[in-house]
Amino acid sequence: MKYFEAIAIFTFFLLLTGLAQAQVGVSSLPQSSMVPGGIAVIPTGVEAVEGIFKDQRITLANYNNQQYAIIGIPLNSSIGSHQFSLKRANGTTETLQFKIEDKEYVEQHLTISNNRQVNPNAEDMVRINRESAEMNLAFSSWNDSLTPVFSMHAPVDGIRSSSFGLKRFFNGQARSPHSGMDIAADEEEPILAPAPGVILTTGNYFFNGNTIILDHGHGLISLYCHMNTIDVEPGTRVETGEQIGRVGQTGRVTGPHLHWSINLNNTRVDPALFLVD
Ligand SMILES: [Zn+2]
């Protein structure tokens, strides 16, 4: 083999590998809902190798021979026209637009008996800031080697006690809107992985209690909070339906439940958009 042939084959191989990592073939898509806290599922019309929305890398998935951009829309997004950029393999870029419609989220008022969980002291704040940086880092990670599965079953058998996006008041004071779905269930009820992935991190956090962050690949990452027990360790590969822990009431809670969040492009979106039953 001539030197140039070898270089050409090597370059071609690099290109193939690069393409494989930039987009991923999937067997399902999440439900599209172009509202704050929703997901924009948009055919790209091109073979893009990278997509960016608000400085974050977005998921590019091939489904039924068509490439889609799957974009998590932040809850605090403005209503109206937004744009994201796509980069092709040849380096050219293109900008696509989509429209975010209004969605009215209702208020939820909760009473917390431990006032420190509503008005944390200075020492608590140091811990809270450290933990939120830790979780933010986990949410912004990107794993090319996992194929995301967008159709999910609820991770625990129970009653949906609180939905995503509710405007929250604790002991009468306004706090961040609800960034996930709450499923009330008896303590020690098993929590099952709703889709395959790798355990990214586990920990005990001030607000979230015993917590697991599960990486499904290509920016799709899920979070499980207030658990009684954590049954997995970071780095463990889990399949759909595999037990990862048990329902508890650790952290800031009013009773035993699972708080379940889903993240796309480092943005918390409504988990209901992934549920198939
Ligand atoms: Zn919750």
Measuring with a 1.4 Å probe in the full set of protein chains, what accessible area per residue, in whole Å², belongs to the chain?
48 Å²
Of the accessible area of the chain, with the probe set at 1.4 angstrom, what percent is carbon plus sulfur?
51 percent
Lysine pairs in the chain with alpha-carbon atoms under 27 Å apart, 8 or more places apart or on different chains: how many are there?
7
With n ≥ 4 as the cut-off for DSSP H runs, can you work out [θ] at 222 nm for the chain, using -39500 (n - 2.57) per run divided by the number of residues, rounded to the nearest 500?
-4500 deg cm²/dmol
In range of the label at Gln97: residues from segment 37-75 whose backbone nitrogen is under 13 Å from the point 7 Å along Cα→Cβ:
none
Got the relative contact order for the chain handy, in percent, Cα pairs under 8 Å and 6 or more residues apart?
19 percent
For 217-224, 60-67, ranked highest to lowest by mean beta-carbon neighbours within 10 Å, the order is 217-224, 60-67
In degrees, nearest 10, the alpha-carbon axis of helix 122-139 is tilted away from the dominant principal axis of the alpha carbons of the chain by 30 degrees
Heavy-atom accessible area of His153, protein chains in place, probe 1.4 angstrom, given in Å² to nearest 10, is 90 Å²
Shape call for segment 92-146, from the Cα gyration tensor axes a ≥ b ≥ c (a/c under 1.5 means rounded, otherwise prolate when a/b beats b/c, else oblate), comes out oblate
Describe numerically, in nm with one decimal, the distance between label points set 7 Å from Cα along Cα→Cβ at Ala174 and at Ser145.
4.6 nm
Note on segment 109-203: contact order normalised by length, alpha-carbon pairs under 8 Å, 6 or more apart, percent, works out to 34 percent
Taking the alpha-carbon centre of each part, the distance from segment 205-230 to segment 74-98 in Å is 29 Å
Please report the accessible area of Ser176 (heavy atoms, 1.4 Å probe, ligands and nucleic acids excluded) in Å², nearest 10.
90 Å²
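The values are calculated or read from the model by the stated rules, or taken from the named source; none is laboratory data. Predicted model, so just to flag it, every value in this text is computed and none were measured. Because the Cβ atoms are built from the backbone with ideal geometry, glycine has one as well, and the counts that use them run over all protein chains shown. Please note that ligands, DNA and RNA were not included when accessible areas were found on the heavy atoms of the full protein model with its side chains. Shrake-Rupley method; radii C 1.70, N 1.55, O 1.52, S 1.80 Å.
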